[in-house]
Structure formats: C-alpha cells, structure tokens
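Participant: Let me give you the structure first, and then I'll get to my questions.
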Amino acid sequence: MADNLPSEFDVVVIGTGLPESIIAAACARSGQRVLHVDSRNYYGGNWASFSFSGLLSWIKDNQQKTESNDECEDWRKLILENEEVISLSKKDKTIQHVEDFCFGDQDSAEDVEEAGALPKLPVFGASGAEGVAQESDKECPAMESALEAESREPAEAAGTEPTSAVEGNDTEMSSGNESSPSTAESALELGKTEAAPSEISAQEPKKITYSQIVREGRRFNIDLVSKLLYSRGLLIDLLIKSNVSRYAEFKNTTRILAFREGKVEQVPCSRADVFNSRQLTMVEKRMLMKFLTFCLDYEQHRDEYQDYENSTFAQFLRTRKLTPSLQHFILHSIAMVSETECSTLEGLQATKKFLQCLGRYGNTPFLFPLYGQGEIPQCFCRLCAVFGGIYCLRHSVQCLVVDKESGRCKAVVDHFGQRISANYFIVEDSYLSESTCKNVCYRQISRAVLITDQSVLNTDSEQQVSILTVPPVDPGKPAVCVIELCSSTMTCMKDTYLVHLTCPSTKTAREDLEPVVQKLFNLNTEKETENEELEKPRVLWAVYFNMRDSSGIDKNSYDGLPSNVYVCSGPDSALGNDCAVKQAETIFKEMFPTEEFCPPPPNPEDIIYDEDEIAPEESGFSNSPEAKPEPSTEESSRGDSTAVKKEDDK
C-alpha cells in the first residue's frame, strides 16, 4: 500500500509524462532507488491516451476544474525549525477552453453502455516489476484481435498500469496482448463479450451513430498530444538503445499530404514516388530530385545558399527555379516550416532531416505507436519498474521540504502525511504552484480531435496513416498540422478515422482550428447538404482545447527552486519528440554525470550471481514477466505494423 512506502529514495519523480518517465527509467537502470508518483489515476499526464469514455471523463474534469481535498492536516508537524516548504499545486491548470460537440445521430445514446467496460478499482501503488501489467499468453494479429484492443485499455480512463509486453528476441520490438493486474483474470471473458458486437458492426452500413461510438468506446485510444516519431529521431534511437522498443509496436505513416488550391493531394517523397507521380511533369520531377539531392549535402555547397542566409526559406526556394507547386510541397509538406519565420538554414536542415529519415522503416520518415502516443511513457515506466522503481498513481505530494542552511530539497510530504527523503527531485511543470511560476511566460497549443466517417483523401486502401500541413490563410499565422489515423493503428473503431489538429495558439483552440476543420470536413448535421459538402468527410464528434506549452523555459525563471529540484516540461507544439528526449538526458547528466544514459539492459544469460545471493528463480526480478527470458521464436504476423530493429541503418 502507498502509506507503507519506504522513507528514503535516491530520486523522487512527480508526474508520469514522457520526460519524467524517461528520467525515471534511466535512474532505475543506473541503480538508483526511484519513487515515481502521479496525483492522476492514469499514466502519461498530458501525454496520455484515453478510451472514448475516458476522454469524456477527462473533458468533464477539465470543464469543472474540481480541486482535490485529500490533504492530511497533520503534515506540517513533520517540518523542522530549520526547514521551509515549497507548496505544490493541487489543481492542474494546463488545460483550458475545452469544448466538445457531437455531430452524429444521437439515437438514445444515454442508455448505451461501453461494451466490455469494467468497474474501476483503486490502485494506490506498485513496487518494482509487480507494479507493471501482466502478459497474456495469447497472440493475435494486431489488426484483428478484439482481445488485444480491450486488454490494453484500462478501465474507464487511460491505463492505470503500463501495458506492453516483452516478446521474443532483444533486437525487435513487438506489442503483446495483456491486461493490468486488476483485469488479468477477466481479460479472456472481455474478449468474448466484445467478439459478437464486432462481428455485427462489420456487417452494418457505414453510417456511424453516436451510440455506436459510445458502445465501441474501448476501441478508441485518443491522444491528448499528437506527435509522430522520426525514424532517425532521438526517441527512436533511445527506444532501440535501451531495448524499450520491445514493449511497443509501431505503424508506418503511409502518406504525406498537401492542401493546395482547396484540394488535398498526395506529396511524392521518395525517389520512386517522384517518378511514379502523375501530379508532376517530367521537368518538375527532375527539378524536385535535383533540389532534394542538393539538400542532402547542402553543407558541401555553401556557395549556393550563403547569399540567402539572412532570407527566409520561402524566398530561397523562389531563387531555385522551382514551380509554385514544388515550392508548396517542399515548404509545407517536406520541410514543414513557417513561410514567413523560417530562415534558409533552418529550412535546409528540416528538409535534410526529412530526407535522411526516408527508407529506414518505410517510404515516409514517420512512425506512429499502435494504441497511441500514450504508450511511450508507459514503456519507460515499465523499464523503471523492472529495475526496482516503485509506482504510485492517485498519490499527490503536498510540498517539497527545503533545508534553510544548504538551500537543498531534503524530502517531500505526500497526502498521507508521510515524509519521504531523497537526493534528487523531478517535478513536472503542472505541479508547481502559481507563486513558483509567477515569472514564467507560457505559450499555448491549440488542439482538436475529430472522429470522422471517411478519409480526407480516399484511395483504394482504407488503412492509411496520413500527415497533412494546412498553410495559414493570413501571413504570420501558424500552419496547422493534421494527422489522420485509421482503425489499424488501434486508435479508433472500424469505419471511422481519428483526426488530430495541432498548432501554436493565437486565440482559443476552436477559433484557431475550426476554420481548417470547415475547409476539410463536413460539419453539417442536417440531411440536406450541398454536393460539395457531401464529398467531404463528415465529422461525427469533436473536441477543442488549449494545452500549456512549458517547453524551453529556463530553470532560473522558476522562483525559489532548490538546485537539486529539476522541472520537466509538458508537450511542445513540434511534430517530433526530440525536445522531451533532450530534456531528459540533460537532467539525468546533471544528476549523474558519470553514468551512461539508458544503456541496454543485460541479457539474462549474462547475469552472474554470487553463491550467497538468492537463486534467480526465487528473486522477484526473475519472476517478473518483463525480466523472464523467453525462447527466441518467429514473431506471428501482425498486419502491416513495424518492428523496430537495431540492424536497420543500412
């Protein structure tokens, strides 16, 4: 139980977002005693993924903004005379302007219950590998398994335990089929109860009602933050290096789209795409290939761009004798940079990064984690738990205890009134009080999530993962990044698409993003619509919200924080995850400069035990499902999902 926690640790981590989870895993891997707590009842913080009912609960909580009243009144007795406290915030203020809308047929949806939903059980804490989800022995194809979809999504909200399975060899990542400890026994029954509705819905017409979305709510894994993984980005490299890649599974982004002259069209990226494209003339194909070849080693041809280093990338493109359509493709769909703010060097760097990521795992530079971005923090939490980290959800911290003489933080006091000492403390930005953040100037991210009935660009294949950049109408405004996910990503039910829209905020999320939604989709709920609107995908449900962007803030901006307290930011507005990985590595190196950051875990057969040590079969580590070695076998077919390997840099 959480009230029986040890009183001393090396590192206390508050918040389970991606940077905090990476740091916790790195610390535990280097032999530190780690306590990882979160006042929420789910992993991930603002990086989390939710089922549909879980997202509705999250929306309700953020619209009401209720404050927790679980404070222990006696905790101040634990503070000594030579100590002072830094109170932490009890209310999450990182989400604002939440508005949700239903555009689908609401046919008596009030009486519909989510299929397979289980009652929520309290989870106060978990120690070591025991605090991690159990594996299931059953293997099913990722795109067809009803059991896998159910067992990976926790009760009501997002996961209450990290949920991914280790399988097979050490160089491949593949997702297993499992459930949390509280649901392990009923997972098989869950799959059986869902099988019948799934078969029926497959035979029903494509018209989706709100009650169907509610009933199939556990098919959805809806991310609060929308990101993709660059195939040669820092996060993929870290997943491979640390072997955390074995806990997850990914799918290629299948196409890059552009929005030009009111139409959505596919952008040719690879050499094969360029020469097979029917959109480009032969002259344009040669021009595009020549420019992309130049971008790959632009550093060697400084004479070609040095006169334009102080110009924008868009101005530089105009000097390269490129047609307007090629300039649009390069600027908005390949480099994906601002037309007015991005310099020539920044544009060339972004284009080179895009091109270098092509071909590693597919014809586009991006990967998407099955079951949503919220899987990634859970994967690192699992690594931490395997190496002895202790996890407690629904476990809030009242304050940091600071020694007046040294100015260092000595301990935290939790909501049970227990004092827990440590050498280092990691705090997610949202837990800091207003007085601590009074000098911090935050940016905001505008987000929208839509459930639609068809793709923005229909092709022969319905199972497409697409990224589309919609340029701004007014110069100086930010472009909107649109990511469209199909059902094979395990983020939405069959015959629907999950669409994420993101941009840096200038107004409320609805004001920023609704004009783009109206361009791409049909919001009309009436039966009679114009032919032009009928051709667009129909929005069935939508939510808009603003999320705080706390990235890039200097630690000195926070008032009165001790030197051994480190702040992790929430998600930024960038497409990739490099900011979170860089931040995690920087903080880890400041704490433990001589330790390697997330080294590969040892192979079980390489571990040497002393004679007086507990036999491996009796130790909790070896008995854990994560640490237990399995015979290397051929992985079963998992649709068209991607396994990340180490030997893929050719």
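The values are calculated or read from the model by the stated rules, or taken from the named source; none is laboratory data. Quantities reported herein were computed from a predicted structural model and do not represent experimental measurements. As a convention, Cβ positions derive from the backbone with ideal geometry for all residues, glycine included, and neighbour counts pool all protein chains shown. SASA here: full protein model, heavy atoms, side chains in, ligands and nucleic acids out. Shrake-Rupley method; radii C 1.70, N 1.55, O 1.52, S 1.80 Å.
Participant: Between Thr594 and Gln315, 0.36 nm times their residue separation minus their Cα-Cα distance comes to what?
Facilitator: Numbers: separation 279, 0.36 × 279 = 100.44 nm, distance 4.61 nm.
Contour length minus the Cα-Cα distance gives 95.8 nm.
Participant: While we're on this one: Just read off the accessible area of Cys269 with the full protein assembly in place, 1.4 Å probe, to the nearest 10 Å².
Facilitator: 10 Å²
Participant: Pairs Lys93/Lys477; Lys285/Lys507; Lys60/Lys494; Lys90/Lys410: which exceed 30 Å Cα-Cα?
Facilitator: Details: Lys93/Lys477 25 Å; Lys285/Lys507 40 Å; Lys60/Lys494 26 Å; Lys90/Lys410 21 Å.
Cα-Cα > 30 Å for Lys285/Lys507; rest within.
Participant: Shifting gears a bit: What is the set of long-range amide H partners of Leu540 at a cut-off below 5 Å, with H atoms built 1.01 Å from backbone N?
Facilitator: Distant-sequence amide H within range of Leu540: Ile451, Thr452, Asp453.
Participant: Same structure, new question: Tally Lys/Arg at +1 and Asp/Glu at -1 over every other residue whose Cβ is under 14 Å from the Cβ of Cys27; what's the total? The partial results should precede the final answer.
Facilitator: On the way: positive: Arg29, Arg33, Lys589; negative: Asp10, Glu20, Glu585, Glu590, Glu595, Glu596.
That works out to -3.
Participant: Just read off the accessible area of Thr506 with the full protein assembly in place, 1.4 Å probe, to the nearest 10 Å².
Facilitator: 80 Å²
Participant: Apply 1/(1 + (r/R0)^6) to the Cβ-Cβ distance of Lys290 and Lys519, taking R0 = 30 Å, and write down the FRET efficiency to the nearest 0.05. Each step should come with its number before you reach the end.
Facilitator: Values: r = 33 Å, r/R0 = 1.09.
It comes to 0.40.
Participant: Full-extension gain between Lys241 and Phe275, please, as 0.36 nm times their residue separation minus the C-alpha to C-alpha distance. Write down the numbers at each step before the final one.
Facilitator: Working: separation 34, 0.36 × 34 = 12.24 nm, distance 3.57 nm.
Difference between extended and current length: 8.7 nm.
Participant: Just reorder Lys285, Lys507 by solvent-accessible area, largest first, 1.4 Å probe, all chains present. Before the final figure, lay out each step's value.
Facilitator: Working: Lys285 20, Lys507 120 Å².
Accessible-area ranking of Lys285, Lys507, largest first: Lys507, Lys285.
Participant: Leaving ligands, DNA and RNA out of it, rank Met490, Met336 by accessible area with a 1.4 Å probe, largest first.
Facilitator: Order by accessible area, largest first: Met336, Met490.
Participant: Another question about this same structure. Which residue, Gln315, Thr351, Thr340, has the largest displacement toward the positive end of the dipole of the range 243-402 when charges sit on each Cβ (Lys, Arg +1; Asp, Glu -1)?
Facilitator: My answer, from the dipole projection, is Thr351.
Participant: Between Asp105 and Glu346, what is the spin-label point distance in nm, taking each point 7 Å from the Cα along the Cα→C-beta axis?
Facilitator: 4.9 nm
Participant: Shifting gears a bit: Set the Förster radius R0 to 60 Å, insert the Cβ-Cβ distance between Thr459 and Glu83 as r into 1/(1 + (r/R0)^6), and round the FRET efficiency to 0.05. All intermediate terms of the calculation are to be shown ahead of the outcome.
Facilitator: On the way: r = 64 Å, r/R0 = 1.07.
About 0.40, to the nearest 0.05.
Participant: Sorted by accessible area (1.4 Å probe), largest first, how do Arg271, Arg255 line up? Walk me through the numbers before you get to the answer.
Facilitator: Working: Arg271 150, Arg255 5 Å².
Ranked from most to least accessible, the order is Arg271, Arg255.
Participant: Tell me, what HN-Hα J-couplings in whole Hz come from the Karplus equation 6.51 cos²θ - 1.76 cosθ + 1.60 at θ = phi - 60° for each residue of the range 334-344, using x for Gly and Pro?
Facilitator: Values, residue by residue: 10, 6, 6, 10, 6, 6, 9, 10, 7, 6, 4 Hz.
Participant: What is the percent carbon and sulfur in the accessible area of the range 220-264, measuring with a 1.4 Å probe over the protein chains and ignoring ligands? Walk me through the intermediate numbers first.
Facilitator: On the way: 480 of 1050 Å².
Taking all protein chains in place, the range 220-264 shows 46 percent carbon and sulfur surface.
Participant: Could I ask something else about it? With Cβ to Cβ distances under 9 Å as the rule, what net charge do the other residues near Arg548 carry (K, R +1; D, E -1)?
Facilitator: Working: positive: Lys93, Arg443; negative: Asp429, Asp549.
Net of charged neighbours comes to 0.
Participant: To continue, here is another question. With 10 Å bins from zero, work out the P(r) of the range 444-498 over every alpha carbon pair and list the percent per bin.
Facilitator: Answer for the range 444-498: a P(r) of 22, 47, 24, 8 percent.
Participant: Report the FRET efficiency, 1/(1 + (r/R0)^6), for Ser433 and Val473, where r is their Cβ-Cβ distance and R0 is 60 Å, rounded to 0.05.
Facilitator: 0.90
Participant: With every protein chain left in place, what is the accessible area per residue of the range 270-357 in square angstrom, probe 1.4 Å? Before the final figure, lay out each step's value.
Facilitator: Values: 4700 Å² over 88 residues.
That works out to 53 Å² for each residue.
Participant: Quick one: net charge around Val274, please, counting Lys, Arg +1 and Asp, Glu -1 for every other residue with C-beta under 10 Å from its C-beta.
Facilitator: Neighbour charge sum, excluding Val274 itself: +1.
Participant: As an exercise, find the ratio Rg/Rh for the range 270-357 from alpha-carbon atoms, using the Kirkwood inverse-distance average for Rh.
Facilitator: Numbers: Rg = 12.2 Å, Rh = 13.1 Å.
Radius of gyration relative to Kirkwood radius: 0.94.
Participant: Okay, moving on. What distance in nm separates the simple spin-label points at Asp559 and Glu261, each placed 7 Å from Cα in the Cβ direction?
Facilitator: 5.6 nm
Participant: Carbon-plus-sulfur fraction of the accessible area of the range 270-357, 1.4 Å probe, in percent? Can you show the working numbers first?
Facilitator: Values: 2180 of 4700 Å².
C and S atoms contribute 46 percent here.
Participant: Just how large is the dipole of the range 306-372 about the Cα centre, in debye to the nearest 20, putting +1 at every Lys and Arg Cβ and -1 at every Asp and Glu Cβ? Before the final figure, lay out the partial values.
Facilitator: Values: 6 positive and 5 negative charges, 64 e Å.
Computed charge dipole of the range 306-372: roughly 300 debye.
Participant: With charges set only on the Cβ (+1 for Lys and Arg, -1 for Asp and Glu), what does the dipole of the range 270-357 come to about its Cα centre, in debye to the nearest 20?
Facilitator: Using only the charged Cβ atoms, the result is roughly 480 debye.
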